[in-house]
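Some notes on the structure that comes next.
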Amino acid sequence: MNSNIFGPQRCEPPKKALEIRKIEFTEVYESNNTVDAQQQANRCLSCGSPFCEWKCPLHNPISKWLKLAAEDKIIEAAELSHHTNSLPEICGRVCPQEKLCELACVLHDTTGSVTIGHIERYINDTAFAMGWRPNLSHISSVNKRVAIIGPGPAGLSCADVLIRNGVNVVVFDKHPEIGGLLTFGIPSFKLEKKLMVQRREIFTEMGIQFQLNTEVGTDVSLNELLSNYDAIFIGTGTYQAIRGNLPKKAIQGVFEALPYLIANTRHLMQLSNPNGEPYINLHAKRVIVLGGGDTAMDCVRTAIRQGAKQVSCFYRRDEQSMPASRKEVANALDEGAQFHFNMQVTEFVINEQQQLMGVYAARTQNGELENGRYQVELIKDSTFFIEADAIIVAYGFIPHNQIWLDKPLIQRDKYGHIIANRNSPFPYQTSHEKVFAGGDTIRGSDLVVTAIADGRNAAEGILLFLGV
Ligand code: SF4
């Protein structure tokens with residue numbers, strides 16, 4: 001391990017060779033080996049008031065499980081990490097640590113932050129590989145039933161806390177595998193799908209029941225669930241794409257980010273998709289991705305792995321304003337993506353067969369400051385034409401229409417988010433006393449770890465409501 005005058009330096013596990021990861025849908029980072037994980041964990045200074053724990057949305061006891069990892073007490077570390085996190089092996093992989101726990105590490109500006117995410121992943125992967133599983137044998141049933149609608153991070157975390165308190169939990173999911181966007185939205189080069197299969201098996205062993213391929217509103221109504229369960233949690237996310245000022249009509253060659261990513265994952269998992277979006281293969285295409293968030297990076301890197309001829313990302317603000325994780329932007333650059341900042345597509349150019357030929361784009365600059373953010377202004381006479389075979393729109397997501405929430409009425413705000421009161425006597429309760437909600441469906445598109453925090457907090461609200 002390298003050192004400088006301040007002590008041993010941060011060292012991340014190696015990434016797979018570039019020529020491999022540009023074509024493979026497998027995780028980019030190798031796992032830490034035991035020696036490296038212990039050395040890195042041992043760099044933690046065990047601060048009296050660990051800022052990393054405050055910055056983590058779950059307030060994980062990071063310094064304690066780092067100490068256990070450094071001492072090779074992996075089972076104890078995994079037990080402890082599960083006290084505050086329902087999906088620690090997932091967070092270790094997909095959290096933007098450089099904006100959260102690792103940003104707050106006191107070593108950040110000297111020898112580099114402790115590699116908290118990689119060690120969280122190492123602890124839990126190793127414990128699972130050793131056969132460790134959460135032990136709920138001491139828990140007695142409290143004779144209450146809760147239905148969870150939506151098997152993403154919020155729903156799974158709510159189920160985890162409830163089952164640990166003796167509540168019977170059934171999770172309803174329209175897909176054939178749990179995870180929501182963890183399975184179908186996040187590409188497998190960030191999160192391999194076998195992890196969610198492992199998670200389903202672990203949760204099933206803990207007693208959570210999964211009713212897959214069952215869509216609430218179609219196969220079972222909300223009223224039926226209300227009759228059969230003591231409470232309900234909704235964590236159905238946000239799936240409606242934002243199109244900005246772009247035309248909404250269908251154009252051959254213009255795709256929305258989520259259907260593109262979901263269809264690609266289903267294709268890789270060899271799952272049929274009779275009613276969903278078809279698989280889109282961008283091999284040999286000139287691709288432009290519009291947007292600057294993590295979903296845009298996922299699309300860029302998926303197109304690269306599909307063998308696209310050229311992949312560009314157009315973002316309408318400057319590089320510093322880009323919301324995507326720096327780690328993901330750096331990976332996309334390594335893999336060959338081109339970035340164009342302060343660039344906005346203004347028009348799609350199509351031929352008579354409604355097929356995309358290219359786009360007009362204009363350069364942008366900062367305009368008026370509004371709510372702490374500069375508005376985007378197009379620079380006069382800066383428009384130019386660029387040829388493209390495919391456009392992926394990744395501007396973000398808003399709540400999708402869920403008409404089954406109308407009977408009985410679960411109130412939503414003007415944007416379609418379910419209104420759940422985090423400060424009510426029963427936190428996260430909606431307009432219906434038996435119905436709770438959390439995650440993106442109440443707050444808009446956000447991080448996996450924030451959804452986990454919501455799901456866990458909502459479970460506490462449900463337990464209070466049930467008098468458990
Ligand atoms: Fe860091 Fe995320 Fe783990 Fe919290 S859950 S310690 S923010 S990687």
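If you take the residues in segment 406-455 that are of a type in the set (D, E) and more than 16 Å from the ligand (Cβ to nearest atom), which one is farthest from L466 (Cα to Cα)?
Just the residues of segment 406-455 that are of a type in the set (D, E), to begin with: 406, 413, 433, 440, 446, 454.
Cutting the leftovers down to more than 16 Å from the ligand (Cβ to nearest atom) gives us 406, 413, 433, 440.
Details: D406: 24, D413: 26, E433: 11, D440: 24 Å.
Result: D413.
Looking only at segment 396-430, count every residue that is part of a loop (DSSP other than H, G, I, E, B) and in contact with a strand residue (DSSP E or B) (Cβ under 9 Å, 6 or more places away or on another chain) and tell me the total. Final tally of qualifying residues: 17. Scanning segment 91-107 for residues that are near the ligand (Cβ under 7 Å from one of its atoms) and among the small types (G, A, S) turns up just one, G92.
In segment 359-382, how many residues are part of a strand (DSSP E or B) and at positive phi? Write out each step before concluding.
Of all residues in segment 359-382, those part of a strand (DSSP E or B) come to 359-370, 373-378.
Subsequent filtering for residues that are at positive phi retains none.
The total comes to 0.
Scanning segment 8-44 for residues that are assigned to a loop (DSSP other than H, G, I, E, B) and within 16 Å of the ligand (Cβ to nearest atom), which turns out nearest to S188 (Cα to Cα)?
E27
Going residue by residue through segment 184-202, is there one that turns out to be touching a residue at least 12 places away in the same chain (Cβ under 8 Å), within 23 Å of V435 (Cβ to Cβ) and crowded, with 23+ Cβ neighbours inside 10 Å?
Initial filter on segment 184-202 (touching a residue at least 12 places away in the same chain (Cβ under 8 Å)): 184-193, 195-200, 202.
Cutting the leftovers down to within 23 Å of V435 (Cβ to Cβ) gives us none.
No - not one qualifying residue is present in segment 184-202.
Checked against the criteria, G179 counts as under 27 Å from G237 (Cα atoms) and buried (at least 23 other Cβ atoms within 10 Å of the Cβ).
Is it true that I74 is in contact with a helix residue (DSSP H, G or I) (Cβ under 9 Å, 6 or more places away or on another chain) and within 19 Å of K190 (Cα to Cα)? No: the conditions fail for I74. Residues considered: T214, T218, T295. Of these, the only one that is touching a helix residue (DSSP H, G or I) at 6+ places or on another chain (Cβ under 6 Å) and either on the phi < 0 side of the Ramachandran plot or among the hydroxyl-bearing types (S, T, Y) (or both) is T295.
Would you please name the residue that is surrounded by the most Cβ atoms within 10 Å (Cβ to Cβ), looking only at residues in segment 132-151 that are among the charged types (D, E, K, R) and in a loop (DSSP other than H, G, I, E, B)?
Checked segment 132-151; the qualifying residue surrounded by the most Cβ atoms within 10 Å (Cβ to Cβ) is K144.
Here is a check on your reading of the model: is V35 in contact with a strand residue (DSSP E or B) (Cβ under 6 Å, 6 or more places away or on another chain) and closer than 29 Å to D334 by Cα? No, not satisfied. Within segment 152-166, how many residues turn out to be touching a helix residue (DSSP H, G or I) at 6+ places or on another chain (Cβ under 7 Å) and assigned to a loop (DSSP other than H, G, I, E, B)? Number satisfying all stated conditions: 2. Residues of segment 388-420 that are touching a Phe, Trp or Tyr at 6+ places or on another chain (Cβ under 8 Å), closer than 26 Å to E224 by Cα and either buried (at least 22 other Cβ atoms within 10 Å of the Cβ) or modelled with pLDDT of 95 or more (or both): P399, A420. Out of A129, A70, one residue alone is within 27 Å of R200 (Cα to Cα), more than 10 Å from the ligand (Cβ to nearest atom) and of a type in the set (A, V, I, L, M, F, W, C). It is A129.
Yes/no matrix, rows are residues, columns are (1) farther than 22 Å from I242 by Cβ; (2) surrounded by 17 or more Cβ atoms within 10 Å (Cβ to Cβ); (3) at pLDDT 95 or above:
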{"residue": "P274", "(1), (2), (3)": "yes, no, no"}
{"residue": "E277", "(1), (2), (3)": "no, no, no"}
{"residue": "V289", "(1), (2), (3)": "no, yes, yes"}
{"residue": "S312", "(1), (2), (3)": "no, yes, yes"}
{"residue": "R326", "(1), (2), (3)": "yes, no, no"}
{"residue": "A332", "(1), (2), (3)": "no, yes, yes"}
{"residue": "Q353", "(1), (2), (3)": "yes, no, no"}
{"residue": "R373", "(1), (2), (3)": "no, no, no"}
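Reported count of residues in segment 355-366, each being closer than 18 Å to I379 by Cβ and either out of contact with any Phe, Trp or Tyr (no Cβ under 6 Å at 6 or more places or on another chain) or surrounded by 15 or more Cβ atoms within 10 Å (Cβ to Cβ) (or both), is 6.
With respect to being in contact (Cβ under 8 Å) with a residue 24 or more places away in the chain, near the ligand (Cβ under 9 Å from one of its atoms) and surrounded by fewer than 23 Cβ atoms within 10 Å (Cβ to Cβ), P88 falls outside the description.
Yes/no per residue for (1) out of contact with any helix residue (DSSP H, G or I) (no Cβ under 9 Å at 6 or more places or on another chain); (2) without any contact (Cβ under 8 Å) to a residue 40 or more places away in the chain; (3) closer than 28 Å to N135 by Cα; (4) hydrophobic (A, V, I, L, M, F, W, C):
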site: K22; (1), (2), (3), (4): no, no, no, no
site: C44; (1), (2), (3), (4): no, no, no, yes
site: C47; (1), (2), (3), (4): no, no, no, yes
site: F51; (1), (2), (3), (4): no, no, no, yes
site: V94; (1), (2), (3), (4): no, no, yes, yes
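Remark: pairs (first residue in segment 395-406, on the phi > 0 side of the Ramachandran plot; second residue part of a loop (DSSP other than H, G, I, E, B) and at pLDDT below 90; Cβ separation under 6 Å; 6+ apart in sequence or on different chains) = G396/I242.
The values are calculated or read from the model by the stated rules, or taken from the named source; none is laboratory data. Just so it is clear, the model here is predicted, and its values are computed rather than measured. Note that we place each Cβ from the backbone using ideal geometry, even for glycine, and neighbour counts take in every protein chain shown.
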